[in-house]
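J.: Have a look at this one.
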Amino acid sequence: MMEADGGASVPDMLIRDGKRQSVFRSYVVPYMDRPNLTVLPHALVTQLTIEHKRTTGVQISYDGSVRRIRAGCEVILSLGAIHTPKVLMQSGVGDEVESNHFGIPVIQHLPGVGLGFQDHLGVCCLWDASGSLPSRPAPEAIIFWKSKTGLGSPDFQILPAVLSAGDAARLGLPAGGWALLGIVVQPKSRGRIRLTGSDPADPVQIEANCLCDPDDREAVSACVELCREIGNSGDLRPFVKREIIPGNLKPPELANYIRDGAFSFWHQTSTARMGRHEMCVVDADLKVYGVDNVRIADGSIMPRVTTGNTMAPCVIIGERAAEILRIEHKF
Ligand SMILES: Cc1cc2nc3c(=O)[nH]c(=O)nc-3n(C[C@H](O)[C@H](O)[C@H](O)COP(=O)(O)OP(=O)(O)OC[C@H]3O[C@@H](n4cnc5c(N)ncnc54)[C@H](O)[C@@H]3O)c2cc1C
């Protein structure tokens, strides 16, 4: 569906005993008793330690003190698309102008660190239900569709959701509503992650730049139109008391609705991209350019965000990293 013409189906979900499973629970928890695995909760990695352009370990803030952990073999950064570039930049691996601006000694000028940020952006169409609807742990249907003919693969996704009583109260909406969430899945817009200071406690600035590309605005408008067509269709009439938002808006009101109501679908990627051009950060073996002994294995290495949701692709990146390490170090 994601790579061809699109369609609708039951989504693939990792659910056991009615509960969604996390990657940590599936991959790490079964091996927690191994002597060669230490999981240190609440440890904050603040910096890579680098000597003569060779990564020797990490500096962490843990239990009120700063400590250094030396790498037996090499360091794999896996902090996600927001914090991997932050730690790189705070270690002096990033754009030299930005490093100089914050007084961070430049170890390696890599202007692509933090650049290329992408996310899947969502908008919500909401209906008041005519009766009470059962709440579900996860969506039970998924649609991938194209905003126009001529596209090679779908550029938006639609998911149904039932509004919980708590959410309805928090948002000032009638209890018992249901939604169709429309999500742009092949965004062209790109943003960046920037430092706001050299201290690990300084937050990053996320310049998401979502919807800056007109094709993304077109895709999200087409997506809202299809959501409304489905939600207001005769087949769903038994479940609809009335449409709450957005209603039959025309441009520019529709564009304003989208701009005001758009939200992140939490699929941030592409801030330390794999590739060969000057804005890339890692090579095909996940190694950071210009600094030895450090790789990245998380969503930040994606050249562009995937069409589908990002958890499974991140797992594949982790699997591939494990395969590379096993071969290279003969584990
Ligand atoms: C609320 C939510 C719902 C989602 N739902 C779905 C879904 O239904 N389907 C789907 O496919 N995807 C979903 N995603 C997206 C998916 O979870 C992510 O794309 C994926 O987890 C990204 O993997 P990652 O390895 O890049 O980073 P992460 O999974 O974010 O892992 C990074 C880890 O590093 C830790 N970390 C960060 N900085 C530091 C530091 N300085 N020191 C120490 N540790 C640090 C973080 O705490 C985190 O545990 C969802 C995301 C969110 C937030």
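J.: Averaging the inverse of every distinct alpha carbon separation and then flipping it gives the Kirkwood radius. What is it for the chain, in angstrom units?
T.: Radius from the Kirkwood sum: 22.0 Å.
J.: Treat each spin label as a single point 7 Å out from the Cα along the C-beta direction, and report the Glu253 to Leu37 distance in nm.
T.: Roughly 5.6 nm, to one decimal.
J.: Something else now. Compute and list, largest first, the equivalent-ellipsoid semi-axes of the stretch 1-79 from the alpha carbon gyration tensor, each √(5λ) rounded to a whole angstrom.
T.: Ellipsoid half-lengths, sorted descending, are 36, 19, 12 Å.
J.: In addition: Just Val106, Val123, Val39 to compare: in a GNM of the chain, with alpha carbon springs under 10 Å, which one fluctuates most?
T.: Comparing Val106, Val123, Val39 in the GNM, the peak value goes to Val39.
J.: Next question, about the same structure. Mind checking the alpha-carbon convex hull of the stretch 68-157 and giving the volume per residue in Å³?
T.: 268
J.: Okay, next question. Hand me the chymotrypsin sites (Phe, Trp or Tyr not before Pro) from the stretch 231-312 located in a DSSP loop with no more than 13 other Cβ atoms within 10 Å, in residue order please.
T.: For chymotrypsin sites (Phe, Trp or Tyr not before Pro) across the stretch 231-312 that sit outside H, G, I, E and B with at most 13 neighbouring Cβ atoms in 10 Å, the list reads Trp266.
J.: What does the charge count around Met274 come to, taking other residues whose C-beta lies under 14 Å from its C-beta (Lys +1, Arg +1, Asp -1, Glu -1)?
T.: Charge balance in the 14 Å sphere: +2.
J.: Just rank Leu37, Leu133, fewest to most, by other beta-carbon atoms within 10 angstrom.
T.: Leu37, Leu133
J.: By how many nm would the segment from Leu79 to Ile316 lengthen if fully extended, with 0.36 nm per residue of separation less the alpha-carbon distance?
T.: Result for the pair: 83.8 nm of gain on full extension.
J.: Given points 7 Å out from each Cα along the Cα-Cβ axis, report the Ala168 to Thr196 separation in nanometres with one decimal.
T.: Result for the modelled spin labels: 3.6 nm.
J.: Okay, moving on. Tally Lys and Arg at +1 and Asp and Glu at -1 over the other residues with C-beta under 13 Å from the C-beta of His329: what net charge comes out?
T.: Here the charged neighbours net out to -1.
J.: With a Förster radius of 56 Å, plug the Cβ-Cβ distance of Ser233 and Glu51 into 1/(1 + (r/R0)^6) and report the FRET value to the nearest 0.05.
T.: Calculated transfer efficiency: 0.30.
J.: Okay, moving on. List the residues, sorted by chain then number, that are 5 or more residues from Lys241 or on another chain and whose placed amide H is less than 5 Å from its amide H.
T.: Here the answer is Asp128, Ala129, Ser130, since their amide H atoms fall under 5 Å of that of Lys241.
J.: Moving on. Which ordering of His267, His277, His101 is given by a fewest-first count of other beta-carbon atoms within 10 Å?
T.: His277, His101, His267
J.: Right, something else. May I ask you to derive the FRET efficiency for Thr149 and Glu323 from their Cβ-Cβ distance with R0 = 56 Å, giving the value to the nearest 0.05?
T.: E(calc), rounded to 0.05, equals 0.90.
J.: Using the Karplus equation 6.51 cos²θ - 1.76 cosθ + 1.60 (θ = phi - 60°), what ³J(HN,Hα) coupling, rounded to whole Hz, does each residue of the stretch 291-298 give in order, writing x for Gly and Pro?
T.: Result, rounded to whole Hz: 10, 7, 6, 9, 10, 10, 9, 6.
J.: While we're on this one: Over the chain, what is the mean sequence separation of C-alpha contacts under 8 Å (at least six apart), divided by residue count, expressed as relative contact order in percent?
T.: Answer for the chain is 21 percent.
No value in this document is a laboratory result; all are computed from the given coordinates. On a predicted model such as this, the values are computed, not experimentally measured, just so you know. Because the Cβ atoms are built from the backbone with ideal geometry, glycine has one as well, and the counts that use them run over all protein chains shown.
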